[in-house]
Amino acid sequence: MSYQTNRRTFIKSAAAASTGLLIARVSHAQGPVVAADDPTAVALGYVADHSTVDTTKWAKKAGPDGAGQQCTSCAIYKAIDDEYGACPIFAGKRVHAAGWCNSWVQK
Ligand code: SF4
């Protein structure tokens, strides 16, 4: 095998490996984390830490099962890792595992 062939093969392999790594990183990232000023987050009272919900404004969280309400106990939450998950309400973005919004539904 010539030097040119080896070099070409190496470059092709490196390019394929890089593409694979990029796809893997994107699929794990699941997009940006929902920002506090995200319009949907504001409309639904989403917060990154469920213990900080203003319960005078969001009665659902003030209810008898309110303490257990957070993204990880929500029926539509899909964990990505220990810290973040995906929520169809915030498609293409990540929510905090300890987050909460007024669309919470018992798992
Ligand atoms: S709907 Fe559920 S998973 Fe989505 S942000 Fe609200 S509490 Fe979290």
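Read-outs throughout are calculated quantities, based only on the coordinates presented, and are distinct from any laboratory measurement. As the structure is a computational prediction, the values presented were derived from the model and not from experiment. Virtual Cβ from ideal backbone geometry, glycine too; neighbours counted across all protein chains shown.
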query: Regarding Q30, is this residue touching a residue at least 24 places away in the same chain (Cβ under 8 Å) and more than 12 Å from the ligand (Cβ to nearest atom)?
result: yes
message: I'd like the full set of residues that are within 10 Å of the ligand (Cβ to nearest atom) and either in a loop (DSSP other than H, G, I, E, B) or closer than 17 Å to G66 by Cβ (or both), limited to region 78-92.
response: C87
- request: Restricting attention to region 90-107, report how many residues are crowded, with 16+ Cβ neighbours inside 10 Å and either in contact with a Ser or Thr (Cβ under 7 Å, 6 or more places away or on another chain) or among the β-branched types (V, I, T) (or both).
  value: 3
- request: Would you please list the contacts, defined by Cβ atoms under 8 Å and residues six or more apart or on different chains, that run from a residue in region 68-79 that is closer than 17 Å to A91 by Cα to a residue that is more than 7 Å from the ligand (Cβ to nearest atom) and among the polar types (S, T, N, Q)?
  value: C74/Q106; A75/Q106; A79/T72
message: I'd like the residue in region 33-45 that is touching a Phe, Trp or Tyr at 6+ places or on another chain (Cβ under 7 Å) and not aliphatic (A, V, I, L, M) and, out of all such residues, is nearest to P88 (Cα to Cα).
response: T40
- prompt: Which is loosely packed, with under 11 Cβ neighbours inside 10 Å, of a type in the set (A, V, I, L, M, F, W, C) and within 10 Å of the ligand (Cβ to nearest atom), of A36, A75?
  reply: A75
